[in-house]
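Peer 1: Would you mind keeping the following structure in view while I ask a few things?
The values are calculated or read from the model by the stated rules, or taken from the named source; none is laboratory data. These numbers were taken from a predicted model, which means no experiment stands behind them. So basically every Cβ, Gly included, is an ideal-geometry build from the backbone, and we count neighbours across all protein chains shown. For the accessible areas, the whole protein counts, side chains as well, though only heavy atoms, and no ligand, DNA or RNA atoms are used. Shrake-Rupley method; radii C 1.70, N 1.55, O 1.52, S 1.80 Å.
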Amino acid sequence: MKTIKDFDLKGKKVILRSDFNVSIKDGKIISNERITAELPTINYLTDNGAKVIIMSHLGKIKSEEDKKKNSLYIVYEELLKLLKTKVIFSSATNGSILEEKVSSLKNGEVLLMENTRYEDLDGQKESKCDEDLSKYWASLGDIFINDAFGMTHRRHASNYGISKYLENGVGLLIEKEVNGLKPILNPEAPFTIVMSGAKLEDKLALIKSLAPKCSNLLLGGGIANTFLAVDHNIGASLASTDLINEAKEMLSIYKERIILPIDVKVDANGKLEIKNIDDINNTEVIYDIGPKTIQKYKEIISNSKTIFLNGTVGKYELAGFEEGTKETLAAISKASGYTVIGGGDALSSAEYFKITGFNFISTGGGATLNYIANKKMECFDEE
């Protein structure tokens, strides 16, 4: 696999696939970590005289309303603050407006194209890696650099598709990710994974792949709720009820490795209460792990040689439900083992609580999990 350093870049139109899928709240970017993580690659390209065409997605586009909510213009405004070179924006993802802006680029300048998933409104051309769209986007450049580590588990037109038609390599971020995740690929035991998320279906295949490879799998959020629902009443809490049998089967196979909350914090008709897992009633909603669980998770983390966190164990944005996520992050940051956190939610929560000290921060969520589980990136034919 070539890297950005293997190319003569001066005067070349370089298509750079970045991951600017940032979290936005009230019209503001919550964390610009994914943008700042890409700056070394952008600066390397511009310093070496490339004409840089950046492509990225933001959110999911299923309607015209989604386009308004998920425009990359907000990222363009952030790049204007962070880059010293000229940055322009194309509101078009195809056609003469985009082509004219690409043609007008001078050496060392940057063009940010609008959200690649705008093309999904036309038969999901981006997400389904439409061949004509892949060829068209590839025709805009001379070299393709993939630096969107967070998308390496997907084959879309803007990464895998373009790479089939242009000389290509990876940027500094993917190179950094590969090096930072090496200790996780062949982890020193005990290897502990802390995993959370809203829907088990989003991570079920990866959990099945990772469970045999770790010593402890500490669960939180909707994923934990689904596993808890096998033997407990979880009230009105979020869970993937159609996958309870899958969770039950996994618990029977990995009973010693899958660690679930023993107490939780719930919203009981507007009142915060701490409940043992056997004492939840039908109207209560789990929003965080409880103090006994926090202590249990912290002890496991402190005794681990390798730790990976993906997601947040509670809905930390809600007042009163911050402790689980905050304490788990703090425990990982202080652990003596090799520590990695990955995924947008994990990065945002670490920044929110101003907790640092991790050995490596991965910009990928599902991509990081996929890479750890399979030791390859799906958007490349070979590893």
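Peer 1: Based on this model, can you work out whether Thr152 counts as at pLDDT 95 or above, open to solvent by less than 50 Å² (accessible area, probe 1.4 Å) and of a type in the set (Ser, Thr, Tyr)?
Peer 2: no
Peer 1: Continuing with this model, one more query. How many residues are touching a Phe, Trp or Tyr at 6+ places or on another chain (Cβ under 6 Å) and either open to solvent by less than 20 Å² (accessible area, probe 1.4 Å) or within 16 Å of Cys214 (Cβ to Cβ) (or both) if we restrict to the stretch 316-327?
Peer 2: Here the count works out to 2.
Peer 1: Further question on the same structure: Out of the stretch 355-383, which residues are buried (at least 18 other Cβ atoms within 10 Å of the Cβ), in contact with a Leu (Cβ under 8 Å, 6 or more places away or on another chain) and in a loop (DSSP other than H, G, I, E, B)?
Peer 2: Ile355, Thr363 - these are the residues of the stretch 355-383 that are buried (at least 18 other Cβ atoms within 10 Å of the Cβ), in contact with a Leu (Cβ under 8 Å, 6 or more places away or on another chain) and in a loop (DSSP other than H, G, I, E, B).
Peer 1: Something else now. Restricting to helices (runs of 4 or more DSSP H) lying wholly in the stretch 155-244: which have 3 or more residues that are more than 18 Å from the chain's Cα centre (by Cα), among the hydrophobic types (A, V, I, L, M, F, W, C) and farther than 30 Å from Thr116 by Cα?
Peer 2: In the stretch 155-244, the matching helices (runs of 4 or more DSSP H) lie at 221-228.
Peer 1: Can you tell me how many residues within the stretch 263-315 are among the small types (Gly, Ala, Ser), open to solvent by 20 Å² or more (accessible area, probe 1.4 Å) and farther than 27 Å from Thr368 by Cα?
Peer 2: Final tally of qualifying residues: 1.
Peer 1: If you scan the stretch 98-154, which residues turn out to be among the aromatic types (Phe, Trp, Tyr) and part of a helix (DSSP H, G or I)?
Peer 2: The answer is Tyr118, Tyr136, Trp137, Phe149.
Peer 1: Something else about it: Regarding the stretch 123-140, can at least one residue be identified that is charged (D, E, K, R), touching a Phe, Trp or Tyr at 6+ places or on another chain (Cβ under 8 Å) and open to solvent by 60 Å² or more (accessible area, probe 1.4 Å)?
Peer 2: Yes, the stretch 123-140 contains a residue that is charged (D, E, K, R), touching a Phe, Trp or Tyr at 6+ places or on another chain (Cβ under 8 Å) and open to solvent by 60 Å² or more (accessible area, probe 1.4 Å).
Peer 1: Just give me the residues in the stretch 36-51 being modelled with pLDDT of 95 or more and surrounded by 21 or more Cβ atoms within 10 Å (Cβ to Cβ), in sequence order.
Peer 2: Across the stretch 36-51, the qualifying residues are Glu38, Thr41, Ile42, Leu45, Thr46, Ala50, Lys51.
Peer 1: Would you be able to tell me the number of residues in the stretch 288-330 that are touching a residue at least 60 places away in the same chain (Cβ under 8 Å), farther than 12 Å from Gly220 by Cβ and either charged (D, E, K, R) or in a helix (DSSP H, G or I) (or both)?
Peer 2: Adding up the residues that qualify gives 3.
Peer 1: Residue under question is Lys81, and the condition is that it be assigned to a loop (DSSP other than H, G, I, E, B) and either more than 17 Å from Ser18 (Cβ to Cβ) or open to solvent by 60 Å² or more (accessible area, probe 1.4 Å) (or both); does it hold?
Peer 2: No, not satisfied.
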